[in-house]
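Just below is one structure, and these are the notes that go with it.
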Amino acid sequence: MKDKYLVVGAGITGCVIAENIASQLGKEVLLIDSRRHVGGNCRDYRSFEGILVHEFGPHIFHTNNGDVWNYLSRFTDWTMYFHRVLANIEGMEIPVPFNLNSIYMAFPAELAGKLENALIEKFGYGTKIPILEMRKTESPLLKFLADYVYRNVFLGYTVKQWGVKPEEIDESVSGRIPVYISRDDRYFQDKYQAIPRLGYSKMIENMLKNDKIEVRLGCDFREISDPNNYKMVIYTGKIDEYFGGKYGELPYRSLRFETEYLNTRQFQPVAQMNYPSNFDFTRITEFKHFLPQNTAGTIIAKEYSMPHVAGKNTPFYPIINPENMSIYEKYRSEALQLKNVIFAGRLAEYKYYNMDQAVASALDKFSLIAGRV
Ligand code: FAD
Ligand code: UDP
């Protein structure tokens, strides 16, 4: 038994680490998840018509990291896909990130021209400016634009998503979607952007096709009677939970998805429509845009945000702020003392990781594990 590894959590982080332990070290792994599926929040499934539905919100793979792209490409073929998002602003459907095209849709042509010139003169063409930074500008014209974008794109959406105003969350969060001084309407500009051709779940299943990996679903870490019996534990659950919450609870935001089948070919023009100001949901995803799917009906999901309550709903987003980071640091320091436990992933590192960042971190953690063999 002491030769076997235990990986807690079968999300993309746990699966990458389990796959590497099995294929690179040739060692046995027990991979457990308290939920009844592999893939964690990346899970997708096929509807009766064959539409691949992302069970936990829209998942678009995008990265500049060639190593991560090449690694995952061993387990899936890809369909090229560029994500485009429209926000419903004052009844118009306007591209987000807010960019030069958005300006011409939101304002009369003469004013739009002035705004475009002012932006290019101040920041340069092709630059990305976080909204909170743009609001600090002195120019009355640019201040007018920044306030418009703040009010119409960020304020309502952020209050729904995080329960607080944009200036009360970490700048890196609203900074994920900066104002983009460009005509490029894509949500991401990464070198690689795609969706696994047969879905994320299939990609993950392919990773786990190794006799040395035993998968046990519906199994919580607390049910493992003696973790010390394993050579090493790789823990991808909530770090505060691992330590019994001794330094306080790390808060998260959770989501509720209202998923509907509609008897119509297409509900909206793009995969994702954001609703900053109207309704209680933040966005609607229509899944058939991700992969070519010629079905009579369509499937959409409305996303509602709420606080995470342990045992009641799923922790989806860490809430990055100085107070929470100082709690996290206490757990991290204690975690570093444990020689046989490695903490990895969005929940164990309390990081707002995209999938590629989770995979990059998992590959790094595996190097650490390999170094300790
Ligand atoms: P998780 O997927 O959370 O996996 C952790 C697993 O551990 C879970 O399955 C959990 O059940 C299990 N677990 C926890 N505690 C225990 C325990 N005690 N015992 C047993 N098992 C346990 N990324 C992108 O790159 N592009 C996107 O478009 C994108 N969209 C997103 C949309 C939404 C709504 C959300 C929430 C995230 C999105 N992400 C996206 C981020 C992506 O989901 C994460 O980067 C990725 O899922 C992190 O994987 P993980 O394995 O670290 O965590
Ligand atoms: N955001 C916003 N309006 C939008 C899009 C994003 O206010 O139309 C803000 C909001 O605070 C959100 C953050 O930017 O939580 C990050 O957006 P992203 O689309 O990256 O969120 P995710 O897909 O991770 O939920």
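The values are calculated or read from the model by the stated rules, or taken from the named source; none is laboratory data. Keep in mind it's a predicted model, so treat the numbers as computed, not measured. Glycine gets a Cβ as well: all are built from the backbone with ideal geometry, and neighbour counts include every protein chain shown. Heavy atoms of the whole protein, side chains included, go into the accessibility calculation; ligands, DNA and RNA do not. Shrake-Rupley method; radii C 1.70, N 1.55, O 1.52, S 1.80 Å.
Going by the conditions given, is LYS160 touching a Phe, Trp or Tyr at 6+ places or on another chain (Cβ under 8 Å), at pLDDT 95 or above, of a type in the set (Lys, Arg) and within 24 Å of PRO58 (Cα to Cα)? When the stated conditions are applied, LYS160 passes them.
Checking each residue in the stretch 253-296 for being within 14 Å of ligand 1 (Cβ to nearest atom) and open to solvent by 30 Å² or more (accessible area, probe 1.4 Å) picks out ARG256, PHE257, GLU258, THR259, ARG283, HIS289. The set of residues from the stretch 353-367 being of a type in the set (Gly, Ala, Ser) and farther than 17 Å from LYS339 by Cβ comprises ALA358, ALA360, SER361, ALA362.
Give the stretch 165-190 a look and list any residue that's touching a strand residue (DSSP E or B) at 6+ places or on another chain (Cβ under 8 Å), of a type in the set (Gly, Ala, Ser) and open to solvent by 50 Å² or more (accessible area, probe 1.4 Å), or say none. Within the stretch 165-190, no residue meets the criteria. For the stretch 116-140, taking the residues that are over 19 Å from SER182 (Cβ atoms) and either among the hydrophobic types (A, V, I, L, M, F, W, C) or assigned to a helix (DSSP H, G or I) (or both), the one that is most open to solvent (accessible area, probe 1.4 Å) is identified as PRO140. For residues that are open to solvent by less than 10 Å² (accessible area, probe 1.4 Å) and more than 13 Å from PHE61 (Cβ to Cβ), tally how many sit in the stretch 193-214. Residues that pass the stated criteria total 1.
Of the residues making up the stretch 326-341, none is open to solvent by 50 Å² or more (accessible area, probe 1.4 Å) and within 19 Å of the chain's Cα centre (by Cα). The residues on offer are VAL153, VAL173, and the sole one that is among the hydrophobic types (A, V, I, L, M, F, W, C), within 16 Å of ligand 1 (Cβ to nearest atom) and in a helix (DSSP H, G or I) is VAL173.
When SER47, SER34 are screened for being of a type in the set (S, T, N, Q) and open to solvent by less than 50 Å² (accessible area, probe 1.4 Å), only SER47 passes.
For the stretch 65-80, check the following and say yes or no: at least one residue is closer than 26 Å to PRO178 by Cβ and within 16 Å of ligand 2 (Cβ to nearest atom). Checking the stretch 65-80: not a single residue is closer than 26 Å to PRO178 by Cβ and within 16 Å of ligand 2 (Cβ to nearest atom). Beta carbons closer than 9 Å, at least 6 apart along the sequence or on distinct chains, pair a first residue in the stretch 233-256 that is over 17 Å from LEU338 (Cβ atoms) and within 16 Å of ligand 2 (Cβ to nearest atom) with a second that is open to solvent by 60 Å² or more (accessible area, probe 1.4 Å) and not in a helix (DSSP H, G or I) for PRO251/PRO307; TYR252/PRO307; ARG253/PRO307; SER254/PRO307; SER254/VAL309; SER254/LYS312.
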